[in-house]
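Right, one structure below, let's go through it.
Values in this text are rule-based calculations from the coordinates and carry no lab data. Predicted model, so just to flag it, every value in this text is computed and none were measured. A quick note on method: Cβ atoms are made from the backbone with ideal geometry, for glycine too, and the neighbour counts reach across all protein chains shown.
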2 protein chains.
Amino acid sequence: MRVRVGFTPAEAVAAPLGVVIDVLRATSTICQALEAGFERIVCVGEVEEARALAGPGVALAGERGNVRIEGFDFGNSPREFSPAGAEAQGRGAGAVGDDVGKPRLVLTTTNGTRLLVAAAGRCEEVLVASLLNLDAVAAAVRASGAGEVALLCAGVEGAFALDDAYVAGRLAAALGGEPDDAAVAAARLAAAFADAAEALGSGVSAANIRRAGLGADIPFCARESVLGVVPRVVARRAGAVEVAAARPRTASG
Amino acid sequence: MRVRVGFTPAEAVAAPLGVVIDVLRATSTICQALEAGFERIVCVGEVEEARALAGPGVALAGERGNVRIEGFDFGNSPREFSPAGAEAQGRGAGAVGDDVGKPRLVLTTTNGTRLLVAAAGRCEEVLVASLLNLDAVAAAVRASGAGEVALLCAGVEGAFALDDAYVAGRLAAALGGEPDDAAVAAARLAAAFADAAEALGSGVSAANIRRAGLGADIPFCARESVLGVVPRVVARRAGAVEVAAARPRTASG
């Protein structure tokens, strides 16, 4: 399997199978929200597109400048979708449970959801990766039978982000295969950090999140392979994709 | 000084001071050609633009697919601009001397000259870096007084190239200052290689150059700080820039 890495969205790296990475925080949030019971997450690039999808059976989530968008049910913190996290934030342990009664979550973020929409336009299949589901994604990529995979980093406002590059490097190292120059570099870079907490904590995204008072999201997102969910794009339409949970295929089918 | 790195041209990273890197081989060739005595190098993106500039007092250089363009005086090998290298290639030691009588070299390459033209469109000042002039470029950047520098990698056909990222990392490490995420990553990546020969030799560009039978260019370009020249964009017009030699400013001016 050829393994390619796109460190920034502008490179528009393409392959039959794409894996989208925005570890701080959109793809961590998607994993955690599916784990919490949402059946589908509709990812859209723009705030107004999200508002247009509001209605019965729909919860709205998203951020601009890392802060929850006014009138939305959730921000872009994966902790909001874990019962313990919701309680710690004073939303009450029931908050997630109530909203999970609504089957759909509409999510819009600065970098990650936009890349998801773009990736769905040039990859036949798109998976969603974070550290939370690292092993499950690696297994799903291996099981896909794809001849080429593109590990796509969302970055931060168009620029290279250390945290996403680290996750791409961890996946590239796990996949092996035939890495392109960027995949070789990502794997070498990942190996140069002591651990995920150091890598995620040292970038510009982490600094921005701390400034917004959401620093606790960083160690939350730095936990590795605690979820088995593999979010997958299951539907696409202009400006939006729908993501649903899948478990990696097993040898028995 | 803020230090930014653009690993690929598509990112279009901008700063008042830009440093263009295409170590295999355009920026190594530019350094060596100026050292050999050419007064100006006119860098153009397209072959037809180069041909249109042919005439008395002008030599043409360039490659497509790493191979010298038909009818051109030089390819894109820096060895062609060193007397020993020219002789070894059977051009005779006099070949460089003869062409250097012509004051201008017109150069067009797949990645490097195109990035030089693009960088000149968004940076007030543009320098040209390779490993051959690494220390001299670092000194020139420090002496520039610029508050922000962008280290711009040409990459390979739009994609990330290990060799250019290595040079960006060496420069980022030498400059220190306030690195962005990409500059931190580049410096960490560079430190993960045993030496320049390993870094330059392990990427896709090196494989392409070896396939073209020009593998000897790789160790030639991996020599560090053997030239004091700092090529600088001194004129720009639509689709082209002119580069001339400068020496780093000294404290005494």
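Nearest-5 percent of antiparallel DSSP beta bridges in the protein assembly as shown?
Of those bridges, close to 35 percent are antiparallel.
Say a paramagnetic label sat at a point 7 Å from the Cα of residue B:12, along Cα to Cβ; which residues of segment A:119-158 have their backbone N under 17 Å from it?
Inside the label zone: A:156-158.
So what are the radius of gyration and Dmax for the Cα set of segment B:25-84, in Å?
Here Rg and the maximum Cα pair distance are 10.9, 31 Å.
In whole Å, what are the Cα extents of the protein assembly as shown along the three principal axes, biggest one first?
83, 55, 40
Taking the dipole about the Cα centre of the protein assembly as shown, with the C-beta of Lys and Arg at +1 and of Asp and Glu at -1, give me whichever of A:216, B:108, A:199 is farthest to the positive side.
B:108
Looking at chain B, what % of the alpha carbon pairs are farther apart than 29 Å?
Above the 29 Å cut-off, chain B has 21 percent of its Cα pairs.
Find every distance from the label point of residue A:57 to the corresponding label point in the other copies (7 Å from Cα along Cα→Cβ) and write them in nm, one decimal, shortest first.
Result, one decimal in nm: 7.8.
Suppose the Debye formula is applied to equal point scatterers at every Cα of segment B:183-234; what is log10 I(q)/I(0) at q = 0.29 Å⁻¹?
With one equal scatterer per Cα and no solvent, log10 I(q)/I(0) is -1.04.
Given a cut-off of 17 Å, what percent of all Cα-Cα pairs of segment A:140-216 lie beyond it? Walk me through the numbers before you get to the answer.
Numbers: 1433 of 2926 pairs.
Of all Cα-Cα distances in segment A:140-216, 49 percent exceed 17 Å.
Ordered by residue, what ³J(HN,Hα) values in Hz, to whole numbers, does segment A:17-24 give under the Karplus form 6.51 cos²θ - 1.76 cosθ + 1.60, where θ = phi - 60° and Gly and Pro are x?
3J(HN,Hα) across segment A:17-24, in whole Hz: 10, x, 10, 9, 10, 9, 5, 10.
Ignoring solvent entirely, what values of log10 I(q)/I(0) come out of the Debye formula for segment B:1-57 at 0.26 Å⁻¹ when each Cα is a single scatterer?
Debye output, listed in q order: -1.17.
If you count the DSSP beta bridges with both ends in chain B, what percent of them are antiparallel, to the nearest 5?
35
With the label 7 angstrom out along Cα to Cβ, how close does residue B:239 come to the same site in each of the other copies, in nm, nearest first?
Taking the point 7 Å beyond Cα along Cα→Cβ, the inter-copy spacings are 3.8 nm.
How long are the semi-axes of the ellipsoid equivalent to segment A:116-253, from square roots of 5 times the Cα gyration tensor eigenvalues, in whole Å, largest first?
The three semi-axes for segment A:116-253 are 24, 18, 16 Å.
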